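What follows is a set of notes on a single structure, which appears directly below.
Every number in this text was worked out from the coordinates using simple rules, so none of it is lab data. Predicted, not measured: the structure shown is a model, and the values here were computed from it. Neighbour counts run over all protein chains shown; Cβ positions are idealised from the backbone, glycine included.
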């Protein structure tokens, strides 16, 4: 394996790890807010981290067996959850502003990976977009349903639209796995757009 | 292809189009009622139109890949949603009574198609009935869960039972794809029974 | 077939029947409490009995076709639901304390069978644990979501943890299908631990 290729893989693995940990943290925070017990915290954490990928595979029709061999990702989520359960709540509140940044890394990385996945399997455009959106927001959707909340992606802030954009760009073939630089540009753009939406308080209009 | 066969396919495609558009409209209306943003309107619209078919394939175990090639259906749903977002709300309220009729066309067409699908794959009776019910009501079920509502099919009106009836009739082999006339009769019967339930205000008793 | 093997199969089938009936009853009771109609009672009953197995197959990636041939299980659930709809409510309230015992039989049997299933297919430990948990609690999870409730397994009592324990023991290879005695011991242990949790009012701490 060439050094450059390995370097790229390390970079994307890193984005995924950050995303998995941020998503697990967001699930845990919701569970704590809903006064769920420690098991509920772990379930919502795992569901938020991995629910999107599972939902994508199920809905788009990709076999799930290989999904279960990403042991290091499961450990990253588990470590995050243990840390959250052990650390003082005060620290958690302090860290909440950082979750937005990490979560944006996850959104961008997951949407891109989901779209690449479907594209490699020669799915039509709509399925590629759907794979991007489901990988990016599916976990949060299930988290909110299991917490008895109305899914926040359906009513607040601009979040899923950026995942959709990543899916479109990859589905149309403008960016693919053979051009790592373009992938990084796309990653940075989605990440920046998501952060901008939060900082400038952008909203999608209602009817 | 014989003209007659083509004519039948056109008829069933037409029923499906009407159903997809009616289901998308019902999802959009629920999202607007819940004050979801425009993205939420699109998600609930698509989920109501296509969630039943996806759920059927997943639960009954039919591969999903071909599901993603029905481009014209996706465009029909998308066009409906754009129209709903652009048209004045006043018109929407006016059109609401028509949705019941179009929705009944969708219920009947989807239940029959779902049942035929499972029957062709030689599934046992219970799976054929399940395929009919899931295709007919699955989208509305997910719509209500994502809207934070108790699913209306579980507590109001006679709706799912007609899908179940279509599944039974096809599962028992009384009607199949080789007898188009019987299919039309079944379609008309399910459609009429659903409309009758609304107009006569029929309800399933509670315990 | 040897008599001993047949005897074991009869025993496990019996546990499954008891579990399916107890789960169906718990779904029906929730639906009646939520004032759902008789169709809603049947849906929640079936979902609680079979939703866990379906969710396990979908999430872990096991084909669903054979799932639909367990006719006797469907009949057991259906019979339970008919009985609940016909019997006087007074009897139901009387029987509610017994549901806990039958439910514990179901939890133990389903968790063990789910784990054995994934283990036989050579899935990694995390997937075996997940299969045990999903088979044991998945039905109740969907039941609560469809009833518009926060899932009780995420916030009350020690329930899912015992399914997880069964998954761990089988996933680590300490107990498998070749040692029926060990399987019975595991079954009795999970059953006893669940009942103990109820009777001693054990709870998982919150953060």
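Could you work out which residue, out of C:71, C:135, C:48, moves most in a Gaussian network model of chain C, that is, has the largest mean-square fluctuation with Cα springs under 10 Å?
Of C:71, C:135, C:48, the Gaussian network model singles out C:71 as fluctuating most.
For chain C, set up a Gaussian network in which alpha carbons nearer than 10 Å are linked by springs, and say which option among C:88, C:180, C:151 fluctuates the most.
Of C:88, C:180, C:151, the Gaussian network model singles out C:88 as fluctuating most.
Rank A:66, A:197, A:16 by mean-square fluctuation in a GNM of chain A with C-alpha springs under 10 angstrom and give only the top-ranked residue.
In the Gaussian network model the winner is A:66.
With each run of n ≥ 4 DSSP H residues scored as -39500 (n - 2.57), what mean residue ellipticity at 222 nm is computed for chain C after dividing by its residue count and rounding to the nearest 500 deg cm²/dmol? Present the calculation step by step, with values, prior to reporting the outcome.
Numbers: 7 runs with 156 residues, N = 207.
The per-residue figure over chain C is -26500 deg cm²/dmol.
Given a Förster distance of 35 angstrom, what is the FRET efficiency for residue A:120 paired with residue C:65, based on the Cβ-Cβ distance and rounded to 0.05?
E(calc), rounded to 0.05, equals 0.80.
For residue B:172, which inter-copy label distances result when the label point lies 7 Å beyond Cα on the Cα-to-Cβ vector, reported in nm to one decimal and in ascending order?
5.4, 5.4
Between residue C:168 and residue C:83, how high is the FRET efficiency from 1/(1 + (r/R0)^6) when r is the Cβ-Cβ distance and R₀ = 41 Å? Nearest 0.05.
Computed FRET efficiency for residue C:168 and residue C:83: 0.70.
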